[in-house]
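Every read-out reported here was derived from the displayed coordinates using simple, explicitly stated rules and does not represent laboratory data. No experiment lies behind these values; they were computed from the predicted model shown. Cβ coordinates were reconstructed from backbone atoms using ideal geometry, including for glycine residues, and neighbour counts include every protein chain displayed.
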Amino acid sequence: MRWRWLMVYVLLGASALGVTLAPLTQSLMERAAAMTVQTAFDQPPVFIGMQTIAENGDLKPFALALHDGKLLVSYLSSDRVDEFSDRLKHLRTLHLREKAPASITGLALDGERLYAADFKSGDLLVADYKTGRLLQSFGWLPDRKAQIKALGITLRADNLYVTDVASGQIRVISTTTVDKVREEGELILSFPDRAAKGVQLGYPTWTMVTPDGRLLISDARTREVKAFTCSGRFAHLFDKEGMAALKTPMGIAMDDLRSPELAAEAKKVFDPSGVREQGRIHVVDAALGRVKVFNALGKYVLTYGGELRQPNGIVIDQKTRLIFVSDAKLRAIAVYKY
C-alpha cells in the first residue's frame, strides 16, 4: 500500500486560493526567444529559468496545456486555471467550479471547449474556453453505479483518453454527438481488459498520443511507460532498467528531434506510420525530480532537470523549441529550450 500513500503525497496537498502569479521577466523570455540552441539528439535542453508564485501563496502548478501559443496552467487543490501569453504574461484566470473544492489535474482544448479532469470529484469538466463557464460535467459509468476517477486527459480525434485511477484503466469518451452513432460524454471503450495478462495498468497517471497513433501511458504503480494503440492493443514497454528507471512517471510530451539511428533505419525498413521519423519523448518523474528522454520507440537517451523538485506536467512548443514543466514543490513553471 506504500505506493498509494506516495501518490496521495505527490498528487494532493492543501492549497490556498486567491494568489496572483509573478510573471517571468520579459528580458528573460526575450533572451530565450533570441537564443539559437539547436541541441543535438543526445544533448539535454538548456535551462532558461523559472516562473514562480508570488505573495507567499500555496498554489501548486500541475497540469499544462498549449493552445495557439498560449500556456494554460492548473493547480492542485484548486478549480483555478491561468492563461499566459507566448511571453508568459498572465492574461486571465478561470474558475471552473466557481471556487468550489476541486483539484484540476488534467487539461485539454479543442479550440472552443476546455476539458479538465477534477481529481477531487473524479469528474470530467467541460467549459467554454472563451468565458470559462462550466457547461457540463460527467463521470458516471453506464451502469450509473460507479464513477470514473479521472487524473489525466488527452484529446485526440473527438475522443478524450482518460486515466481512471479507480479502475486502473483508460476510458475513451466521446466529445461529440453523431446522430445514431454516439453522444457527447458516451463511454466508447475501456482498456486494458481486466482479463488480459501482462498488460494491466496499476495507477495510470498521464497519457499522450503520438503522431503515429500510439497511446503512451505513464503508470506510477508499475513505474513504467506503456504504449498501446488507440484501440486498446498493447504495443510495447519503454526502457526501464539502469538510467532509464522511473519511480513516479507523470507528464509526457514529444519534441521534433529525430534519432539519427532510427532515421537511418527508416530508409531500410517498411515504416508506413513514420514512427522512426518522429522526435524524442520526454517523461516527467515526480519522485525523482527529473525528466527522462527516450527515442520514438522508447529507448532511453538522457536525463535532465537537476533544478526540479516535484515536476508533474510538461508541454513542448515545437515552433519556439521551448519546454515548460510544472513543479508543485517549487510552485513554479520551469522553462527549457532545445
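Can you compute the charge dipole magnitude of the chain about its Cα centre, using +1 on each Lys and Arg Cβ and -1 on each Asp and Glu Cβ, nothing else charged? Give it in debye, rounded to the nearest 20.
On the way: 45 positive and 38 negative charges, 143 e Å.
Its charge dipole is roughly 680 debye.
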If amide hydrogens are placed 1.01 Å from N in the peptide plane, which non-local residues have theirs closer than 5 Å to the one on W206?
S218
Calculate, in whole percent, how much of the Cα-Cα pair population of the stretch 54-210 lies beyond 27 Å.
22 percent
Provide, as a two-decimal number, the C-alpha radius of gyration of the stretch 165-268 over 2.2 N^0.38 Å, N being how many residues it has.
1.24
Which of these, V46, V37, V225, has the largest mean-square fluctuation under a Gaussian network model of the chain (Cα springs below 10 Å)?
V37
Over the alpha carbons of the chain, what is the largest minus smallest coordinate on each principal axis, giving the biggest first in Å?
51, 51, 44
Relative to the present Cα-Cα distance, how much length would full extension add between Q38 and E184 at 0.36 nm per residue of separation?
48.3 nm
The stretch 116-137 versus the stretch 170-193: alpha-carbon centroid distance in Å
17 Å
Which whole-angstrom value gives the distance between the alpha carbon centres of the stretch 296-332 and the stretch 204-239?
18 Å
Once both labels are modelled 7 Å past Cα along the beta-carbon direction, what's the K329-D110 spacing in nm?
3.8 nm
Highest GNM mean-square fluctuation among E307, E183, E261, for the chain with Cα springs under 10 Å, belongs to E261
Starting from the 7 Å offset along Cα-to-Cβ, what nm value, one decimal, do you get for the label separation of T176 and E261?
4.0 nm
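Quote to one decimal, in nm, the extra length available between L302 and R31 on full extension: 0.36 nm per residue of separation minus the C-alpha distance between them. Please report the intermediate quantities before stating the final value.
Details: separation 271, 0.36 × 271 = 97.56 nm, distance 2.54 nm.
Result for the pair: 95.0 nm of gain on full extension.
Kirkwood hydrodynamic radius for the stretch 121-182: how many Å is it when counted over pairs of different Cα atoms? Could the numbers behind the result be given before it?
On the way: mean 1/r = 0.0794 Å⁻¹.
Kirkwood hydrodynamic radius for the stretch 121-182: 12.6 Å.
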Residues in the stretch 82-104 near a label at T131, defined as backbone nitrogen under 15 Å from the 7 Å Cα→Cβ point?
94-98
